[in-house]
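Taking it in order: structure first as structure tokens, then the write-up.
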Amino acid sequence: MSRPWSADTLMEAVRGYGQACLITAAADLDLFTALARRPAPAGDLAAAIQADPRATEVLLDALAALELLVKRGDTYEVPPDVAGLLTEDTPTNILPAIRHHGNCLRRWAQLA
């Protein structure tokens, strides 16, 4: 049986890239490893990775909204379950796979 499409289901499918973009950007910048080693405010992290402070804060807030980070006051930290998957320091990390999917996402975005 075919899938019933509606405006809502189509828009849900189209918006699906947003979370993937956030997670792969954070993986490419290795934000989870940096914050797992030392929780920090967005400005401190931006300085450490040589990034724009406002853009870093927007990215961190989005990751906190996805519950991939915890924000306490102005400081961001990585929850233990996320740290095990998304930091370089753990044997269970899936960063290479996440980064590979980020490369695939960039290529798919140029499909047209």
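Table for the structure above
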read-out	value
Every pair of residues 6+ apart whose Cβ atoms lie under 8 Å, when the first sits in segment 1-26 and is closer than 20 Å to Cys104 by Cα while the second is of a type in the set (Gly, Ala, Ser) and open to solvent by less than 60 Å² (accessible area, probe 1.4 Å)	Ala20/Gly102; Leu22/Ala62; Thr24/Gly102; Ala25/Gly102
Hits in segment 9-32 - residues which are more than 12 Å from the chain's Cα centre (by Cα) and part of a helix (DSSP H, G or I)	Thr9, Leu10, Met11, Glu12, Ala13, Val14, Arg15
Residue tally, condition in contact (Cβ under 8 Å) with a residue 12 or more places away in the chain and of a type outside the set (Gly, Ala, Ser), over segment 86-102	8
Hey, Leu111 open to solvent by 80 Å² or more (accessible area, probe 1.4 Å) and closer than 28 Å to Val14 by Cβ or not	yes
Test: Thr92 is at pLDDT 95 or above, open to solvent by less than 90 Å² (accessible area, probe 1.4 Å), within 14 Å of Leu29 (Cα to Cα) and of a type in the set (Val, Ile, Thr)	no
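A quick yes/no check of all residues on (1) of a type in the set (Gly, Ala, Ser); (2) open to solvent by 80 Å² or more (accessible area, probe 1.4 Å); (3) without any contact (Cβ under 8 Å) to a residue 60 or more places away in the chain; (4) assigned to a helix (DSSP H, G or I):
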{"site": "Leu35", "(1), (2), (3), (4)": "no, no, yes, yes"}
{"site": "Ala46", "(1), (2), (3), (4)": "yes, no, yes, yes"}
{"site": "Arg54", "(1), (2), (3), (4)": "no, yes, yes, yes"}
{"site": "Val58", "(1), (2), (3), (4)": "no, no, yes, yes"}
{"site": "Leu63", "(1), (2), (3), (4)": "no, no, yes, yes"}
{"site": "Glu67", "(1), (2), (3), (4)": "no, yes, yes, no"}
{"site": "Lys71", "(1), (2), (3), (4)": "no, yes, yes, no"}
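The values are calculated or read from the model by the stated rules, or taken from the named source; none is laboratory data. This is a predicted model, so every value here is computed, not measured. Ideal geometry is used to build each Cβ from the backbone, glycine not excepted, and the neighbour counts take in all protein chains shown. Ligands, DNA and RNA are excluded from the accessible area calculation, which covers all protein heavy atoms including side chains. Shrake-Rupley method; radii C 1.70, N 1.55, O 1.52, S 1.80 Å.
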